[in-house]
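The structure appears right after this line, and notes come after that.
Just so it is clear, none of the values below were taken in a lab; they were calculated from the coordinates. Predicted model, so just to flag it, every value in this text is computed and none were measured. Every residue, glycine among them, receives a Cβ derived from its backbone with ideal geometry; neighbour counts consider all protein chains shown.
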Amino acid sequence: MQETRQQIIDILKQRDQATVDDLAADLDLTPMTVRHHLGILEESHLVAAEPQRGKVGRPHYIYRLTPAAEELFPKAYHLLAERVLAKIKEQYGSEEAREILRAVADDLVAAQGEPPTSQPLAERLVRVEDIMAAEGFRVRVVNGDQAAIEVCNCAYRHVAAQHPEVCELDHALMEGLLGQPLERVKHAPTGDNCCRFEVSRSTS
């Protein structure tokens, strides 16, 4: 991102809100220059403006970050997940951790309704692809001689590197959404280029 606009975002993060004059003073820029950069940030849905109450005459605005801008700042969710999983494994063991993760997957499947097992396999695979994308996974369905699902970008890859048990979650989730078992034949945490789950030939 352009340096001045990044500075504006950083200031708004620290101050929660600011006017054009506030930003101009902090950045040692003219108000016109600041408005130009704010306009670009508004078009990108990173900054929102609202009228400043109590002012008369020409409208004055207060600028704040949008939720989209908040996502630009580093997050440490994976560190929390790693610590929680480590403690679960320490107290209950790896198998119990897997059971808990499978139970989480069951809840996610239940939220999507009953798997449409009466639908053709190709349609069910597309449904899995769409739902997994909404969960943060980049999934590719392969419908050649062997029907398969390839997870090219795992939403839990940082956690899986330390705790491969977490892979039980997406495996169980995809099986539940598809309504039938999947065999994992590639596993990214062990060095493969992706995770690949194949549908049994007897059921495909």
Nearby aspartates and glutamates by direct alpha-carbon distance to K13 (threshold 13 angstrom, same-chain neighbours under 8 apart not counted): E70, E71
Starting from the Cα of T117, step 7 Å toward the Cβ, then list every residue of the stretch 161-183 with an amide N under 15 Å from that point. 175-182
Which labelled figure in [x] 0.98; [y] 1.16; [z] 1.08 is Rg/Rh (Cα atoms, Kirkwood Rh), once derived from the coordinates: [y]
For Y61, other-chain or 5+-apart residues with amide H closer than 5 Å (H placed, Pro excluded) are V20, Q52
Could you give the distance between the Cα centres of the stretch 65-92 and the stretch 130-179, to the whole Å? 19
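Going by how many other Cβ atoms sit within 10 Å of their own, how do K89, K75 line up, fewest first?
On the way: K89 16, K75 9.
With the sparsest Cβ surroundings first, the list reads K75, K89.
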Using 0.36 nm per residue of separation minus the Cα-Cα distance, give me the extension gain between R140 and K75 in nm, one decimal. 20.7 nm
Test of understanding: ordering T19, T117 by Cβ neighbours within 10 Å, fewest first, what list do you get? T117, T19
So which residue, out of P181, P120, P67, gets the largest mean-square fluctuation from a GNM of the chain using Cα contacts under 10 Å as springs? P67
Using a Gaussian network model of the chain with C-alpha springs under 10 Å, which one of I88, I131, I40 is most mobile by mean-square fluctuation? I40
Between E42 and Q162, what is the label-to-label distance in nm when each label sits 7 Å out along the Cα-to-Cβ direction? 4.3
Under a straight-distance cross-link criterion of Cα-Cα below 12 Å, which aspartates and glutamates are reachable from K87, leaving out those fewer than 8 residues away in the same chain? E96
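Which value in deg cm²/dmol, rounded to the nearest 500, describes the helix-derived mean residue ellipticity at 222 nm for the chain, given -39,500 (n - 2.57) per DSSP H run of n ≥ 4 and division by the residue count? Don't skip to the end; give the middle numbers.
Numbers: 9 runs with 104 residues, N = 204.
About -15500 deg cm²/dmol.
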Two-site label geometry, C194 and T4: point separation in nm, points 7 Å out along Cα→Cβ: 4.3
In the chain, which helices (entire DSSP H runs) extend 15 Å or more along their own long axis, judged by Cα positions, while averaging at least 0.0 on the Kyte-Doolittle scale? 94-111, 121-134, 167-178
